[in-house]
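Visitor: Please see the structure below; I have some questions.
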Amino acid sequence: MCGIVAYVGNKDVGPVLIEGLKRLEYRGYDSSGICIAGKNGLFIRKAAGRISVLESILDEDKTIPASHVGMAHTRWATHGAPTECNAHPHLDDKKRIAIVHNGIIENYSAIRQFLTAKGHTFVSDTDTESLAGLIGHFYEGDLAKAVQLALHEIRGTYGLAVMSASEPEVLVVARRGSPLIIGVGKDEYIVASDAAAVVEHTTQVIYLNDNEMAVITPKGFRTMTIDDVPVTKDVTAVEFSLEQIELGGYQHFMLKEIFEQPEAIANCLRGRVDRHEGRVVLGGIAQYSRDIVRARRIIITACGTAWHAGLVGEFLFEELAKIPTEVEYASEFRYRNPIVEDGTIVIAISQSGETADTLAALREAKDRGALSLGVVNVVGSTIARETDAGVYLHVGPEVGVASTKAFCGQIVVEVLLALSIARRKYMSQTVLQEFLTALDRIPEQMRHILEQSELIRQVTTQYVKRENWLFLGRGFNYPVALEGALKLKEISYIHAEGLPAAEMKHGPIALINPGMPAVFIATRGSQYEKLLGNIQEVKARGGKIIAVASEGDDHITKVADHVFTVPDTIEPLQPLLTVLPLQLLAYHAAMARGCNVDKPRNLAKSVTVE
Ligand code: M6R
C-alpha cells in the first residue's frame, strides 16, 4: 500500500528519505518518487518499479540540491497504471505545489472538470493530481491555508504531505482516514505513514487524528484541525525498536515471523494470566467488563487472515463463553444493513489496525450503538484508537505480507477474552486452570513443531508443480484449513481451496485427480473419526494425503502419504499449533517456486483502500 516519508531537520534529506522508503517497502508498492526543496524550486524525481531504480537515478544526478526538507512516496496503483508519470509527488500545473498522498480522492473527476474549465492541465491519470491542482488554485503565498481550503472541497481519504517552491522550509501534512505520524527528534521531524520509517530517528511520536494537520519547519511545528483550530498533541513513545523490524539472520521476514511465534505468544500472554489467582487479566477492557459479560451477541469483523482468526473466535465465544457469535467479512458488513441490537459487542480484528474495510465496519457498528472492542497489533493505529476498548496482540511488528504470528496472537487474545467471560458465567476454576496450563505450554510446543521445517520443505518440494491443492479440516481446525490455503496461494501463487472437510462431497471432490495434494488437519479430537473417513474419500480417488496429526498417532501414518506432527493440547487451542506446519508449507512452496516471499505480487501489507 502507498507509503509516505517526509523530513524537516538537520540531515541531508535525500539519503534520509530513501532509507525511509526502504523501511516502507514491505507494505507493497509499484513505483516511488521524491521531492526535495531547493533554492531554485522543487527537485522531483520519480521511477516505476523498485526503490533501487529511484536510488540509482538519484545517484547519477548531479543536480540534487543540498537540502534539509523533503518528502517521498511509494505508490500502490489505484487510479492509473504503475508508471513514472503516475508516481507521486504530483504537481499543480504551475509546478509550485508538490504533494504525496495515500488514500483516494473520490470526487477527483469533478475537481478535474472544475480546474480544467479554469485552464488547468493534467498529466497523470491519478486522483492525487486533482488535489495538487486544487491546492495550487487556492495558493496565495500561505501553503497551510491553501491546503485547508482544498481539503474542504474534497471527498475521500488522505494521509498527505505538501510542499511549495515558494516556501522551501515548510512542510504541511494532514490526515483523514489514512495514517500519518510525526516523529519528534532532536532538531528534526520525520513524518511517515508507518512507524517503521520513523524509529531509526526517534521513538517519540505524535499520532495525527482524522481531520488534523501540522505545519512543520526547522524551527518547530504547529498542529491544528483542517478548520484551523489549534490542537495540542501528546508526544508518545512507539513500542518497537529498529532491530525488531530487521531480519535478524533470517532470509525472509515471513520465516523470521514464523519462528518468532513461541516468543511472540509468550509476550502476548505476559501479564494477562494470573497463575496464582487462576484468572485472566485484560486491563484494556476492564472498564467494560460488566457489559462484556452481559453481552447478548458478538459480531466479529475482519478481513483475510484476521477473518480466519475471527472464525476461530466464533467457535471460542460460543463454546466457552456461550454467547451467540458471528464473524462477518468487514467489506460485506459495512455495506449491508446489519442488525445491531442492545447488548451487541463488535470486535474488530486487525494486525495493522488500518485496514480500510475493517475500520469502516467498525464505524458502522459504532454508529448503530454497539460496544466496540479492538484486537489489534499495531499500537496507536486507527482501529485501536477508535474502538471503545481493546486488547493488543503484543506480538511485535509483522513485516511479511503474509500474516503469521498475528494470526496466533489474535487467537490467543480471543481465547483470553472468551475465558475471562466464561469464568464469570459458567466455567469452573478447575476448567479455567486447565486452559491456563495448556496456554502456558503453547510456546514450547510451537518450538517443537518448528523443528520439522526441513521435513516440511522436503515434502512440499515434491508437490510444488501441482497447481491445485485442497486444505481440509473440521471444527476448530476448519478455519486453519482456510488459513493454510490462503497462505499457500498468496505467496506461492498456487491455487488452493480451504474447506470444512465434510463439504468436499458436496462438490469439490470432483476436483480430485491422481496425485492432487490434499492437506488434512487431522489431530485427535471430537471429529477425528469423521475426518479419517474424509481422508479415505480422497485416497480412493488417487489424491495424495498430507496430514497434520497428533504426535503418537500410529494410525494416521498408515493412511497418509506424509505426516507433520503436533503435540496434544485442548481442542480449542489446537489452531495455535496446527497452523504452524501450514505456514512453513506455504513458505517452502514459495521458495521452491522462486517467488518473492515477503512481497508477493499484487499484494500489500496493509490494505488502506477499499
Ligand atoms: O492488517 P489486517 O489484519 O487488518 O489485514 C487483514 C488482511 O488484509 C490480511 O490478513 C491479509 O489477508 C494477509 N495478507 C494474509 O496473510
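Visitor: Among the listed residues T217, T202, which satisfies the condition of being crowded, with 18+ Cβ neighbours inside 10 Å, in the same structural domain as E19 (by TED's automatic domain parsing) and among the polar types (S, T, N, Q)? Walk me through it before giving the result.
Guide: Working: T217 fails: crowded, with 18+ Cβ neighbours inside 10 Å.
Testing whether each residue is crowded, with 18+ Cβ neighbours inside 10 Å, in the same structural domain as E19 (by TED's automatic domain parsing) and among the polar types (S, T, N, Q) leaves just T202.
Visitor: A follow-up question, please. Can you list the strands (runs of 3 or more DSSP E) found entirely within segment 54-167 that contain at least 2 residues being in contact with a Cys (Cβ under 6 Å, 6 or more places away or on another chain), assigned by TED's automatic domain parsing to the domain that holds V13 and within 28 Å of R23 (Cβ to Cβ)?
Guide: Correct list: 69-75, 97-102.
Visitor: Still on this structure: Could you tell me which numbered condition G374 fails, if it satisfies all but one of (1) surrounded by 20 or more Cβ atoms within 10 Å (Cβ to Cβ); (2) more than 16 Å from the ligand (Cβ to nearest atom)?
Guide: Tallying (1) surrounded by 20 or more Cβ atoms within 10 Å (Cβ to Cβ); (2) more than 16 Å from the ligand (Cβ to nearest atom), G374 fails exactly one: (2).
Visitor: On to the next question. From V563, V548, grab the single residue that is free of Cβ contacts under 8 Å to residues at least 24 places away in the same chain, surrounded by 17 or more Cβ atoms within 10 Å (Cβ to Cβ) and β-branched (V, I, T). Working first, answer last.
Guide: Values: V548 fails: free of Cβ contacts under 8 Å to residues at least 24 places away in the same chain.
V563 is the lone residue from the list that is free of Cβ contacts under 8 Å to residues at least 24 places away in the same chain, surrounded by 17 or more Cβ atoms within 10 Å (Cβ to Cβ) and β-branched (V, I, T).
Visitor: On to the next question. Looking at D568, D598, can you tell me which residue is among the acidic types (D, E) and either modelled with pLDDT of 95 or more or within 25 Å of Q433 (Cβ to Cβ) (or both)?
Guide: On the way: D598 fails: either modelled with pLDDT of 95 or more or within 25 Å of Q433 (Cβ to Cβ) (or both).
Result: D568 is the single residue among D568, D598 that is among the acidic types (D, E) and either modelled with pLDDT of 95 or more or within 25 Å of Q433 (Cβ to Cβ) (or both).
For (1) small (G, A, S); (2) assigned by TED's automatic domain parsing to the domain that holds G185; (3) under 18 Å from N86 (Cβ atoms); (4) not in a helix (DSSP H, G or I), each residue gets a yes or a no:
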position	(1), (2), (3), (4)
N10	no, yes, no, yes
L17	no, yes, no, no
K22	no, yes, no, no
Y29	no, yes, yes, yes
G33	yes, yes, yes, yes
A37	yes, yes, no, yes
I44	no, yes, yes, yes
A47	yes, yes, yes, yes
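Visitor: If you don't mind, there's one more thing I want to ask. So, in segment 333-366, exactly how many residues are under 21 Å from the mean Cα position of the chain (by Cα) and away from the ligand (no atom under 15 Å from the Cβ)?
Guide: So the first thing to find is which residues in segment 333-366 are under 21 Å from the mean Cα position of the chain (by Cα), and the list is 333-334, 346-365.
When the remaining residues are screened for being away from the ligand (no atom under 15 Å from the Cβ), the result is 364-365.
Residues meeting the conditions: 2.
Visitor: Testing V597 on (1) within 16 Å of the ligand (Cβ to nearest atom); (2) more than 30 Å from S193 (Cβ to Cβ); (3) outside any helix (DSSP H, G or I), one condition comes back false. Which one is that?
Guide: Of everything listed in (1) within 16 Å of the ligand (Cβ to nearest atom); (2) more than 30 Å from S193 (Cβ to Cβ); (3) outside any helix (DSSP H, G or I), V597 misses just condition (2).
Visitor: Given the criterion without any contact (Cβ under 8 Å) to a residue 40 or more places away in the chain, under 28 Å from K605 (Cβ atoms), crowded, with 16+ Cβ neighbours inside 10 Å and among the acidic types (D, E), identify the matching residue among E212, E257, E188. Break it down stepwise before answering.
Guide: Numbers: E257 fails: without any contact (Cβ under 8 Å) to a residue 40 or more places away in the chain; E188 fails: without any contact (Cβ under 8 Å) to a residue 40 or more places away in the chain.
Among E212, E257, E188, only E212 is without any contact (Cβ under 8 Å) to a residue 40 or more places away in the chain, under 28 Å from K605 (Cβ atoms), crowded, with 16+ Cβ neighbours inside 10 Å and among the acidic types (D, E).
Visitor: Also: Checking the conditions here, which among L432, L393 is under 12 Å from Q351 (Cβ atoms) and touching a Gly at 6+ places or on another chain (Cβ under 7 Å)?
Guide: Values: L432 fails: under 12 Å from Q351 (Cβ atoms).
Every option except L393 fails the conditions.
Visitor: Next up: Applying the selection to segment 86-114, what residues are within 29 Å of the chain's Cα centre (by Cα) and among the hydroxyl-bearing types (S, T, Y)?
Guide: Filtering segment 86-114 down to residues within 29 Å of the chain's Cα centre (by Cα) leaves 86-90, 98-108.
If the condition is that a residue be within 29 Å of the chain's Cα centre (by Cα) and among the hydroxyl-bearing types (S, T, Y), then Y108 is the only one that fits.
Visitor: Next question, about the same structure. Would you be able to say whether some residue in segment 285-296 is away from the ligand (no atom under 16 Å from the Cβ), in the same structural domain as L432 (by TED's automatic domain parsing), in a helix (DSSP H, G or I) and in contact with a His (Cβ under 7 Å, 6 or more places away or on another chain)? Spell out how you get there, then give the answer.
Guide: Filtering segment 285-296 down to residues away from the ligand (no atom under 16 Å from the Cβ) leaves 285-296.
This time we only want the ones that are in the same structural domain as L432 (by TED's automatic domain parsing), so: 285-296.
Next, from what is left, pick out any that are in a helix (DSSP H, G or I): 285-293.
Next cut, in contact with a His (Cβ under 7 Å, 6 or more places away or on another chain) only: none.
Scanning segment 285-296, I find no residue that is away from the ligand (no atom under 16 Å from the Cβ), in the same structural domain as L432 (by TED's automatic domain parsing), in a helix (DSSP H, G or I) and in contact with a His (Cβ under 7 Å, 6 or more places away or on another chain), so the answer is no.
Visitor: Further question on the same structure: List pairs: first in segment 159-178 and crowded, with 24+ Cβ neighbours inside 10 Å, second outside any strand (DSSP E or B) and basic (K, R), Cβ under 8 Å, 6+ apart or cross-chain?
Guide: Correct list of pairs: S164/R96.
Visitor: Same structure again: Consider only pairs whose beta carbons are under 6 Å apart and that are at least six residues apart or on different chains; among these, list those whose first residue lies in segment 476-495 and is over 13 Å from Y587 (Cβ atoms) and away from the ligand (no atom under 15 Å from the Cβ) and whose second residue is assigned to a helix (DSSP H, G or I) and hydrophobic (A, V, I, L, M, F, W, C).
Guide: F476/F315
Visitor: Within segment 312-331, can you find the residues that are surrounded by fewer than 21 Cβ atoms within 10 Å (Cβ to Cβ) and either in the same structural domain as Q574 (by TED's automatic domain parsing) or under 18 Å from the mean Cα position of the chain (by Cα) (or both)?
Guide: E328, Y329, S331
Visitor: Next question, about the same structure. Give segment 139-158 a look and list any residue that's buried (at least 20 other Cβ atoms within 10 Å of the Cβ) and of a type outside the set (A, V, I, L, M), or say none.
Guide: Hits for segment 139-158 are Y139, Q148, T157, Y158.
Visitor: So, one more: Tally the residues that are away from the ligand (no atom under 14 Å from the Cβ) and assigned to a helix (DSSP H, G or I), restricting the search to segment 377-412.
Guide: Selection size over segment 377-412: 2.
Visitor: Given (1) touching a residue at least 24 places away in the same chain (Cβ under 8 Å); (2) farther than 27 Å from T121 by Cα; (3) within 29 Å of the chain's Cα centre (by Cα), identify the lone condition not met by T83.
Guide: It is condition (2) that T83 fails.
The values are calculated or read from the model by the stated rules, or taken from the named source; none is laboratory data. These figures come from a predicted structure and were not determined experimentally. When we count neighbours, we look across all protein chains shown, and the Cβ atoms used for this are built from the backbone with ideal geometry, even at glycine.
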